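Please read the structure below before turning to the comments.
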Amino acid sequence: MDHFLYRNGVLHAEDVPLTEIAATVGTPFYVYSSATLARHYTVFDEALAGMPHLVCYAMKANSNLAVLKLLGDMGAGMDVVSVGEYLRAKAAGVPGERIVFSGVGKTRAEMETVLAGGIRQFNVESEPELYLLSKVASEMGVEVPITVRVNPDVDAKTHPKIATGMSDNKFGIPIARAREVYKLAASLPGVKVIGIDVHIGSQLVDLSPYRDAFRKVAELTEQLRADGHEISRLDLGGGLGIPYERSNAAPPLPMDYGDVVRETVGHLGCEIEIEPGRLIAGNAGLMVSSVIFRKNGEGRDFLIVDAAMNDLIRPAMYEAHHDIVPVMEPAPGAAQSPVDIVGPICESGDTFTKQRPMPHLDDGDMIAFRSAGAYGAVMSSEYNSRPMIPEVLVKGDQFAVIRPRPTFDEMLNRDKLPEWMQD
Ligand SMILES: *Cc1c(COP(=O)(O)O)cnc(C)c1O
């Protein structure tokens, strides 16, 4: 089921016409569907039914407070990778017992804040982190539950920038060295080993790398238990891919992913954590933009739109594909011709797509980029002094701005002139 459908010739988000949102906030903007976010969380929760589990939303995918509160209120945990994300999760009402702290470079200051505020577990990624965490926790007189992130050396067969589970990646500890590191962890004060963590990459479209990685985790669980460690929790990471191109074969469903979890680690009696980000938020959001100019070039037509790479960087950064559709439904059988859809920024990289067949669109027409709910707004910037675009949340026939577009004054006032320049 899709909550972004044409009705009466206009693309809607749930029951709200996108034209109505555009009239209120202007373009470009992001819009998210509450129903889709909720459904994606529920699908993961159900996929792990029968096993004790917690779905920890990887909030780096979309960390708007309203999105976090929607998921947190449904019972989701959160996977955070910085103290900023931790504070957002707390602000959204998620208790520390449901927050997991991941990341390769946690600082002392981050550890202190998180330990003081309460945390479910640290996913430790290196020995130096283990020593520092032990020291900080001991100083504070607390004992923090930890897993060690192991790198299983499996090829996730995804874009190199988002593959994280091969031995040449910066993430985790090589699985072959895990027993040694767990032994060290068990000897240190302030930390308590409770499980194993693994995350092999993002936008996986095949289950076999998961099967390989989880089998290795199961084997390691038995070994570590034999070594005398308590392994009662397995954090299996995130990364399940979404269908960015409707015309392509669909990636595996969370249900099938749940079956792989059950089949590989279900017999161990562990509590299971998973950390999906993209699959929860990705297809729950659109970016809506207007055509500034249609420019007919020599043998090549361009749509220059009011969104740019600073608003949605995925095409420039990962060669990512987004389906792009007109907001006003084209007539059935309307002729299509290839266009390049580009932003106004003075870089050739500011190109969303090349030679994409599209129905005829002209100045002022609106388009929607699908699958833009994850790694969209969170990766945006104000490059070219372009204000960050607003985020809107829809629920049924209601919509609300959940992050307004800043005014130019607000942007300017963030810069400060040094005293010696003030006259
Ligand atoms: C990025 C990340 C995730 C989420 O990945 P998705 O592809 O968005 O599901 C989960 N866990 C960790 C440790 C991550 O770095």
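The values are calculated or read from the model by the stated rules, or taken from the named source; none is laboratory data. No experiment lies behind these values; they were computed from the predicted model shown. We place every Cβ from the backbone using ideal geometry, glycine too, and count neighbours over all the protein chains shown. The protein model used for the area step is the full one, side chains on, heavy atoms only, and it has no ligands, DNA or RNA in it. Shrake-Rupley method; radii C 1.70, N 1.55, O 1.52, S 1.80 Å.
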_When residues of the stretch 373-414 are limited to those that are more than 16 Å from the ligand (Cβ to nearest atom) and of a type in the set (F, W, Y), the one farthest from the chain's Cα centre (by Cα)_ = F408
_Boolean, H199 is open to solvent by 10 Å² or more (accessible area, probe 1.4 Å) and either of a type in the set (G, A, S) or over 19 Å from A61 (Cα atoms) (or both)_ = no
*Going by the structure shown, is L71 more than 16 Å from the chain's Cα centre (by Cα) and either in the same structural domain as M287 (by TED's automatic domain parsing) or open to solvent by less than 10 Å² (accessible area, probe 1.4 Å) (or both)?*
no
*Check D365 against each of (1) open to solvent by 20 Å² or more (accessible area, probe 1.4 Å); (2) under 26 Å from the mean Cα position of the chain (by Cα); (3) closer than 28 Å to R7 by Cα; (4) charged (D, E, K, R) and name the one condition it does not meet.*
(2)
_One residue is enough: does the stretch 102-123 have a residue meeting the conditions under 30 Å from V392 (Cα atoms) and under 15 Å from the mean Cα position of the chain (by Cα)?_
yes
*Has the stretch 292-310 got any residue that is part of a loop (DSSP other than H, G, I, E, B), away from the ligand (no atom under 16 Å from the Cβ) and touching a helix residue (DSSP H, G or I) at 6+ places or on another chain (Cβ under 6 Å)?*
yes
_Which listed residue, of A316, A335, A281, A320, is open to solvent by less than 10 Å² (accessible area, probe 1.4 Å) and out of contact with any Phe, Trp or Tyr (no Cβ under 6 Å at 6 or more places or on another chain)_ = A281
*asked:* Condition first: within 16 Å of the ligand (Cβ to nearest atom), of a type outside the set (A, V, I, L, M) and open to solvent by 30 Å² or more (accessible area, probe 1.4 Å). Now tell me which residues in the stretch 237-277 satisfy that.
replied: P243, D256
*Test A49 against the criterion of being in contact (Cβ under 8 Å) with a residue 60 or more places away in the chain and open to solvent by less than 20 Å² (accessible area, probe 1.4 Å), and give yes or no.*
no
_Among the residues of the stretch 227-235, are any open to solvent by 70 Å² or more (accessible area, probe 1.4 Å), under 23 Å from P52 (Cβ atoms) and assigned by TED's automatic domain parsing to the domain that holds K161?_
yes
